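Structure first, then comments.
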C-alpha cells in the first residue's frame with residue numbers, strides 16, 4: 001500500500017537493541033540471531049537511547065554487535081527527499097567483510113531518524129549492527145530474569161521492634177532485587193527509622209524520593225541509623241528503578257554488622273529459623289520442663305520399684321534359710 005513506514009504502527013521494534021552496538025562484544029549467553037525475524041519495516045530503539053539507532057555504515061569485526069557474523073550497510077543513508085531507497089548490506093564471514101549480501105530498503109523519517117525494511121538472515125549467527133561505537137547496554141532490571149526475588153518476613157518491617165534481634169545484610173552482591181512478602185511487593189521506607197527496628201540494631205532506610213517510571217535507573221543514599229539523630233552520617237549508595245507496579249533495588253552488602261535494609265511497614269518479628277516470639281518461647285520451655293519432670297519422675301519411680309523388689313526378695317530368702325542354717329550350726333558344734 002501507500003502507507004508511510006515512518007508512521008507509528010507501520011514498523012516494528014527490532015529485538016535486543018541494546019546489544020547491537022559496534023563496540024558490543026558477543027555474549028555467550030545471549031547471541032543475537034536475526035534468522036527468526038520476518039521481512040518487514042523496523043526501527044531500532046533501546047530504552048536508554050535518546051533517539052533511534054542507525055545501521056552501521058562501516059565494516060565490523062566478527063563477534064561484535066552482539067553476534068558472530070555482523071551485518072553492516074555497504075552504502076549511505078538517504079535524506080528525506082529520497083523517499084524509500086534500496087541498499088545492500090554485507091554479512092561479515094570467515095573469508096571477508098562481505099561474505100554474503102542482502103538487499104534491504106531504508107527511509108529517512110526526519111533528522112537522523114530512519115526505518116529499515118530488513119530481510120531475515122539466512123543463518124542464526126548473523127545479526128544487524130545498529131549504533132556506531134556503542135557499547136552493550138546494561139540489561140533492564142524491570143525485565144523478567146534481570147532481577148532476583150528477595151523473599152522477606154515481617155521482621156524487615158519498621159513495625160518489628162525487638163532489641164534482642166541483630167540480623168545483618170552482609171551477603172548482598174550488588175544485584176537487582178524485587179522485594180516481596182508472601183507475593184506482595186514491598187518498598188524501602190524513605191523516612192528515618194528508629195534504632196532496633198527491622199530485625200536489627202542499625203536499620204537502613206532510603207534518603208530522598210522514589211524515582212518516577214521515566215527516571216529509569218537512579219542512585220540514592222541508603223542511610224544507616226547508627227544513633228546519630230537521623231543525620232545520615234553513615235550511608236550506602238544504592239540504585240533503584242521504578243517498574244510501574246513495583247520498585248527494584250540494587251543492594252550492596254553492609255560493611256559492618258548489625259546493619260540491615262528495611263522493607264515494609266507491617267509485620268511481626270517472626271524470624272526464619274529463630275524463636276517466633278517470647279510468649280511462644282515461654283510456652284515451649286514450660287512444656288519441655290513438664291516433659292523432663294515426667295521422664296525424671298518415671299525413672300526415679302522405676303528405680304525405687306526395682307529396689308523394693310530386691311529388698312523383698314532378700315527378706316524372703318532370709319526367712320527360708322534360717323532353719324537350715326541352724327541345723328548346720330548344730331552339726332558343727334562339738
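Among the numbered criteria (1) assigned to a loop (DSSP other than H, G, I, E, B); (2) closer than 30 Å to residue 215 by Cβ; (3) in contact (Cβ under 8 Å) with a residue 12 or more places away in the chain, which single criterion is violated by residue 42?
For residue 42, the failing item is (1).
Out of 140, 112, report the one residue that is outside the structural domain of residue 247 (by TED's automatic domain parsing), crowded, with 18+ Cβ neighbours inside 10 Å and in a loop (DSSP other than H, G, I, E, B). Let's see the steps before the verdict.
On the way: 112 fails: crowded, with 18+ Cβ neighbours inside 10 Å.
The conditions single out 140.
Can we say residue 267 is at positive phi and either modelled with pLDDT of 85 or more or more than 40 Å from the chain's Cα centre (by Cα) (or both)? Break it down into steps so the answer makes sense when it comes.
Values: at positive phi: yes; either modelled with pLDDT of 85 or more or more than 40 Å from the chain's Cα centre (by Cα) (or both): yes.
Yes: the conditions hold for residue 267.
Search the stretch 40-51 for residues being under 18 Å from residue 23 (Cβ atoms) and crowded, with 19+ Cβ neighbours inside 10 Å, and hand back the single one that is farthest from the chain's Cα centre (by Cα).
The selected residue is 44.
Does the stretch 179-193 include one or more residues that are crowded, with 20+ Cβ neighbours inside 10 Å, in a strand (DSSP E or B) and under 14 Å from the mean Cα position of the chain (by Cα)?
Taking the stretch 179-193 and keeping what is crowded, with 20+ Cβ neighbours inside 10 Å, we get 179, 186, 188-189, 193.
Pick out the ones that are also in a strand (DSSP E or B) and you get 179.
Checking the rest, the ones that are also under 14 Å from the mean Cα position of the chain (by Cα) come to 179.
There is at least one residue in the stretch 179-193 that is crowded, with 20+ Cβ neighbours inside 10 Å, in a strand (DSSP E or B) and under 14 Å from the mean Cα position of the chain (by Cα).
Would you mind stating whether residue 211 is part of a loop (DSSP other than H, G, I, E, B), crowded, with 17+ Cβ neighbours inside 10 Å and in contact (Cβ under 8 Å) with a residue 40 or more places away in the chain? Reasoning before the result, please.
Working: part of a loop (DSSP other than H, G, I, E, B): yes; crowded, with 17+ Cβ neighbours inside 10 Å: yes; in contact (Cβ under 8 Å) with a residue 40 or more places away in the chain: no.
For residue 211, the condition - part of a loop (DSSP other than H, G, I, E, B), crowded, with 17+ Cβ neighbours inside 10 Å and in contact (Cβ under 8 Å) with a residue 40 or more places away in the chain - is not met.
Being under 16 Å from residue 214 (Cα atoms) and crowded, with 20+ Cβ neighbours inside 10 Å is the filter here, so list the residues in the stretch 224-246 that pass it. I'd like the intermediate steps shown before the answer.
Residues of the stretch 224-246 under 16 Å from residue 214 (Cα atoms): 239-246.
Across the stretch 224-246, the qualifying residues are 240, 241.
All but one of (1) without any contact (Cβ under 8 Å) to a residue 40 or more places away in the chain; (2) touching a strand residue (DSSP E or B) at 6+ places or on another chain (Cβ under 7 Å); (3) not in a strand (DSSP E or B) hold for residue 220; state the number of the condition that does not hold.
So the condition that residue 220 fails would be (3).
Condition check ((1) over 19 Å from residue 26 (Cα atoms); (2) assigned by TED's automatic domain parsing to the domain that holds residue 17; (3) surrounded by fewer than 16 Cβ atoms within 10 Å (Cβ to Cβ)) across all residues:
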{"site": "61", "(1), (2), (3)": "no, yes, yes"}
{"site": "70", "(1), (2), (3)": "no, yes, no"}
{"site": "77", "(1), (2), (3)": "yes, yes, no"}
{"site": "82", "(1), (2), (3)": "yes, yes, yes"}
{"site": "87", "(1), (2), (3)": "yes, yes, no"}
{"site": "91", "(1), (2), (3)": "no, yes, no"}
{"site": "100", "(1), (2), (3)": "yes, yes, no"}
{"site": "103", "(1), (2), (3)": "yes, yes, yes"}
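Please pick out the residue among 330, 319, 307 that is more than 30 Å from residue 175 (Cα to Cα), at pLDDT 60 or above and out of contact with any helix residue (DSSP H, G or I) (no Cβ under 7 Å at 6 or more places or on another chain).
Working: 330 fails: at pLDDT 60 or above; 319 fails: at pLDDT 60 or above.
Only one candidate passes the filter, namely 307.
The values are calculated or read from the model by the stated rules, or taken from the named source; none is laboratory data. Since this is a predicted model, take the numbers as computed values, not measurements. Note that we place each Cβ from the backbone using ideal geometry, even for glycine, and neighbour counts take in every protein chain shown.
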